[in-house]
Amino acid sequence: MSDEQNHNVSRRQFLTYTLTGVGGFMAAGIILPMARFAIDPVLQAESEGDMKAVTDVSELTDTPQRFDFSYEQEDAWNTSEVTETAFIYQSGEEIVALSNTCTHLGCKVSWGSSSDHPNQFYCPCHGGRYEKDGTNIEGTPPTEPLHKYQVEVREGTVYVGKAEPQV
């Protein structure tokens, strides 16, 4: 007799291997698109186009002024025009751009609209108030400052980017 072993695969082993392989391909076909959907936005780099031109530096003063700007937003298969507002002012050499969205419940704030508090941002929904730099005033509903836009100046034009919470 030779030392060769019998390597026959039984019907049960063949079906086990085949069904495991087919099941693995089916699972990969389901999981890979979901993983790509979850990871793809993280991998996309922000482009220079994420900054929006808003106004000329020459139009800025030391008092916050309202500037509206629009851009196209793409959500899956839907592209829409979005208009946002920033209050922009010059503080010395620094240009500050603040969001007009109240951090309490998302209402729209405005500068100097309250006769009782003329030099503050005021939210008419629940009486929220903010200092000129966006800091929330103690004793009013907002628990955090107004969000601040990223700002760049190129060739005398003010560009704003994404609004981020102030730390």
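A simple spin-label model places the labels of L15 and I39 3.6 nm from each other, with each point 7 Å out along Cα-to-Cβ. Residues considered: Q73, Q13, Q120. Largest GNM mean-square fluctuation over the chain, using C-alpha springs under 10 Å, is found at Q13. Once the chain from C125 to D50 is taken as fully extended at 0.36 nm per residue, the excess over their C-alpha distance is 23.9 nm. Centroid-to-centroid, using Cα positions, segment 97-155 and segment 15-43 are 47 Å apart. The loop-placed chymotrypsin sites (Phe, Trp or Tyr not before Pro) in segment 70-167, going by DSSP, that have at most 16 neighbouring Cβ atoms within 10 Å of their Cβ come out as W77.
If you work out Rg/Rh (Cα atoms, Kirkwood Rh) from the coordinates, which of (i) 1.40; (ii) 1.22; (iii) 0.92 do you get? It is the one labelled (i). Label reach from T135 (point 7 Å along Cα→C-beta): in segment 141-167, amide nitrogens under 13 Å belong to 145-146, 167. The stretch between E155 and S80, if pulled fully straight at 0.36 nm per residue, gains 24.1 nm over its current Cα-Cα span.
Within the listed set A38, A97, A86, the residue fluctuating most in the Gaussian network model of the chain (springs between alpha-carbon atoms under 10 angstrom) is A38. With a simple spin-label model that places each label point 7 Å from the Cα along the Cα-to-Cβ direction, the separation between V57 and S91 comes to 1.8 nm. Spacing of the modelled spin labels on D116 and A27, each 7 Å from Cα toward Cβ, amounts to 6.3 nm.
Coordinate-derived values only; no laboratory data. These numbers were taken from a predicted model, which means no experiment stands behind them. Virtual Cβ from ideal backbone geometry, glycine too; neighbours counted across all protein chains shown.
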